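Bear in mind that the values in this text are calculations on the coordinates, not laboratory data. Quick caveat: nothing in here was measured; it's all calculated off a predicted structure. Because the Cβ atoms are built from the backbone with ideal geometry, glycine has one as well, and the counts that use them run over all protein chains shown.
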C-alpha cells in the first residue's frame with residue numbers, strides 16, 4: 001500500500017530554542033483514519049503545520065507524494081493537504097460562506113464554474129448547502145466548524161487534517177460533526193483530546209508526547225491501555241469503556257475498517 | 001456566542017422591502033448613484049440651495065422605492081448626524097464679520113450660513129450612505145468597489161474589517177463581562193487602568209488572530225491575491241437608475257453654480 005504521509009526523523013526547533021519535534025516517525029496509508037493524541041505542548045500543532053509547509057523542519061517528510069522541500073513543493077503540497085484549523089473564525093475569513101469555500105479551488109486555478117461546482121459539492125458533504133449566501137458570523141459554532149471543513153474539502157485534498165475538531169462544540173454539534181466526518185471517504189489525521197470521538201471515528205491512533213511518537217496501534221487497544229494513557233497525561237472520561245463502544249455498534253464502522261485493513265495486509 | 005453578541009452591531013444590513021427594484025440593482029449602480037448625490041451636495045455652495053433640494057428629492061425617491069422609512073433612517077443616522085452637528089454648531093460663535101441677534105445670543109451671520117451648509121451636507125451624505133447600506137449587503141458593496149477599480153488591497157482590508165468586527169465585538173463583550181463579574185465599577189479616573197489593560201489584551205489577541213488567519217489563507221494556497229468569484233452584470237434598470245439620478249442633480253448643479 002502506498003503512503004499518503006511518511007515522516008522520518010522529523011525535527012523542529014523554534015527560534016527561542018525550544019525543540020518541539022524530536023524525531024517524529026510516522027507513516028499513514030491511503031484511506032486510513034488516524035487519531036493523533038497527546039497532551040498540550042506535545043508538538044501536535046507544530047507537526048500538523050509541517051504537513052502543509054507552514055513550518056519547516058529537518059529530517060525527511062513526504063506528504064501526498066510531495067517531498068517537502070522548497071517553495072514549489074510547498075505550493076503543490078497545500079493543494080493536496082487540507083488543514084482545518086482549530087478555531088473556525090481563523091479559517092473563515094471571506095464575507096460569505098460561498099466565497100470562502102471557493103477561495104481554495106480558485107487558488108488552485110479552477111475556473112469560476114468548476115469552483116462553484118466544488119462549492120456546492122463540499123457544502124452538501126457537510127450538510128451546509130443552505131448556508132452558502134450567509135456570513136460566517138451568522139452561523140453557530142457547529143455550523144462554522146462544518147463550513148471550515150467544506151473549505152478544505154472543496155480543494156479535494158488527498159489528506160484531510162483536522163486540528164481539535166470537537167473543541168467548543170455542544171454534544172449535538174459534536175454528534176453531527178461525527179456523522180459528517182464518518183461519511184467522508186478520505187485519508188484523515190485527526191488531532192484531538194476527545195478520546196471517545198477518536199474511538200468512534202478512527203481505527204488507528206498514535207500518541208505524540210514530548211515531540212516523539214510514543215505509541216501507534218489500533219485505536220481501541222491504545223485507548224484500553226490505561227497506564228499508557230496516564231503516562232502521557234491522557235485519560236478517558238470516567239466510566240467510559242472502549243470495548244463496550246465497539247460491541248454496541250457505535251465505533252463499529254471504525255472497527256470494521258480496521259478488520260478490512262488487516263485483511264488487506 | 002454569536003447569539004449573545006452583536007447588539008452593538010444591530011441596525012446594520014438590509015432593510016426595507018428587500019425585493020424592491022432598488023435592492024435588486026447592481027451594487028455598482030447604487031454606489032455610483034448615491035456617491036454621486038453626496039459628491040454633488042458636498043461640492044455645492046449654500047447659495048445654490050435648489051441643488052440641495054434636488055439631492056434631497058433624489059434620495060427621497062430612492063428611499064420610497066426601497067420602502068426604507070424615515071424611522072429607519074433616523075435610527076441608523078442618529079449616531080453620525082449629531083456628531084457632525086456638534087462640530088458645526090460652534091461655527092456661528094467663532095466666525096467673525098457681521099453679527100445677527102438670535103434671541104439672547106449674538107452670532108456671526110457668515111458662521112450661521114456655514115453651519116446651515118455643513119448641516120445640510122452632512123445630512124445628505126449620511127442619508128445616502130444609510131440608503132446604500134439598507135439596500136446593499138456589505139459583500140456586494142465590496143464587489144462593486146472592486147469592480148469600480150478601487151485598489152484590491154483596500155477592498156480586502158475592508159472585507160477583513162467587516163468579517164472580524166463581529167469577532168472582536170464578541171471578545172470585547174466577554175472581557176467586559178469578566179471585568180463586571182469581578183466587581184469592576186470604576187469610581188474615579190485612577191481606577192480606569194483596567195480598561196487600558198483590556199485594550200492591550202485585545203490588541204494582542206487580535207494580532208495573534210491576524211497571524212492565524214494568514215496561516216489559514218496560506219494553507220489554502222493564498223499567493224498574494226484573492227481570487228474573485230462573482231462577475232457583476234449591469235442591466236438596463238441599472239443604467240436607468242444612474243441616468244435618472246444624474247438627470248435630477250447634475251444639470252441643476254451646473255446651472256446654479258456657473259463660474
Net lengthening on full extension, residue B:178/residue B:160 (0.36 nm per residue, minus Cα-Cα): 3.8 nm
Per-residue Cβ neighbour rank within 10 angstrom, fewest leading, B:160, B:86: B:86, B:160
Kirkwood Rh and Cα Rg combined as Rg/Rh, segment A:3-264: 0.96
Of B:240, B:194, B:64, the one that fluctuates the most in a GNM where chain B has Cα springs shorter than 10 Å: B:194
D_trans [Stokes-Einstein, Kirkwood Rh over alpha-carbon pairs] for segment B:152-219, 37 °C, 0.692 mPa s, µm² s⁻¹: 236
For residues of A:124-136, the mean tally of beta carbons on other chains within 10 Å: 1
Shielding by partners - mean other protein chain Cβ count within 10 Å, residues of A:72-83: 2
Average beta-carbon neighbours from other chains, 10 Å sphere, peptide A:96-104: 5
Relative packing of B:32-44, A:112-124, which averages over residues the other C-beta atoms within 10 Å, highest first: B:32-44, A:112-124
Point-to-point label distance, residue A:117-residue B:18, nm (Cα→Cβ direction, 7 Å offset): 3.1
Residue exposure sequence - B:214, B:222 - by fewest surrounding Cβ within 10 Å: B:214, B:222
Per-residue [θ]222 nm for the protein assembly as shown (sum of -39500 (n - 2.57) over DSSP H runs n ≥ 4, rounded to 500): -17000 deg cm²/dmol
Of B:111, B:125, B:193, the one that fluctuates the most in a GNM where chain B has Cα springs shorter than 10 Å: B:193
Fluctuation leader among A:209, A:27, A:79 - chain A, Gaussian network, Cα springs under 10 angstrom: A:27
Percentage relative contact order, chain A, counting C-alpha pairs under 8 Å, at least six apart: 23
Sequence of A:219, A:244 once ranked by neighbouring C-beta atoms within 10 Å, starting from the fewest: A:244, A:219
